[in-house]
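Here is the structure we will look at, set down as structure tokens.
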Amino acid sequence: MQVERWKGGEKGVDLVAPFYTHLDKEGRPCGILVNRGWMPWDLRGYRHDRLANMAKVSGVLYRGDAKTKYSKTNVPVKNQYTATYPEEMALMAALPNESEAGSIMLKAVDFDTEAPTALPDVESPKDLQTYSIAPERHAAYATLWSYATYLGVSPTRPCGFISESFQAKS
């Protein structure tokens, strides 16, 4: 499965695949979902692992992307994913252990900093500690809104001189 993502201003996809770990009582392969990393959009169909029959994956467990009121919905029937929701992906991967595989997934992390993985682009531990809004930028926003509030500017209320100039005179 491929989840559309932007990284550093470039469009690409996160590669999510089932990682089979064991067989259930009926002999069906069970596993968890693994976010294997990001590929540029023009290379999204490239498979470098076709000849490999075994893989080692290191990473961290996570619950997928957060659902907010601004999140776009996935369309699994059309294979269109804009967010990583393990409960939907486990269902589409037809994993027999859907309840376990749909609650948590593995995000691949490249712990070898001297020889990082080329493609797919896997995050390092340092990347996981980097926030989209740096603390300095957050402090600048807080200062801006503090001064704006002091001056009486509010995003929900227009400035006094603007509202007075448009009042109808009787």
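Observations on the model:
- Total lysine pairs whose alpha carbons fall under 26 Å of each other in region 2-123 (8 or more apart, or interchain): 19
- For region 74-159, the per residue solvent-accessible surface stands at 69 Å², with DNA, RNA and ligands left out and a 1.4 Å probe.
- At the residue level, THR21 shows approximately 80 square angstrom of accessible surface with a 1.4 angstrom probe and all protein chains present.
- Counting only protein chain heavy atoms and rolling a 1.4 Å probe, the accessible areas of ASP65, ASP112, ASP14 rank, largest first, as ASP112, ASP65, ASP14.
- Within the chain, longest stretch clear of exposed GluC sites (Glu not before Pro) (DSSP loop, no more than 10 other Cβ within 10 Å): 27-113
- Across the accessible surface of the chain, with the other protein chains kept in place and a 1.4 Å probe, carbon and sulfur atoms take up 57 percent.
- Rel. contact order, % - alpha carbon contacts under 8 angstrom, at least six apart, the chain: 21
- Using a probe of 1.4 Å, the accessible surface attributed to SER71 totals some 40 Å² when neighbouring protein chains are kept in position.
- Largest to smallest in accessible area, the residues LYS69, LYS7 fall in the order LYS69, LYS7 (1.4 Å probe, all protein chains included).
- Among GLY45, GLY37, GLY27, the largest mean-square fluctuation in a Gaussian network model of the chain (Cα springs under 10 Å) belongs to GLY27.
- Each 5 Å bin from zero holds the following percent of Cα-Cα pairs in the chain: 1, 7, 12, 15, 16, 12, 8, 6, 6, 5, 4, 3, 2, 1, 1, 0, 0.
- Helix-derived mean residue ellipticity, 222 nm - over the chain, DSSP H n ≥ 4, -39500 (n - 2.57), to 500: -5500 deg cm²/dmol
- Crossing angle, helix 135-150 versus the chain [Cα axis fit, 0-90 degrees, rounded to tens]: 20
- Rolling a 1.4 Å probe over the protein chains gives HIS138 an accessible area of about 120 Å².
The values are calculated or read from the model by the stated rules, or taken from the named source; none is laboratory data. Quick caveat, the model's predicted, so the values are computed rather than measured. When we count neighbours, we look across all protein chains shown, and the Cβ atoms used for this are built from the backbone with ideal geometry, even at glycine. These area figures cover heavy atoms from the full protein model, side chains too; ligands, DNA and RNA do not enter into them. Shrake-Rupley method; radii C 1.70, N 1.55, O 1.52, S 1.80 Å.
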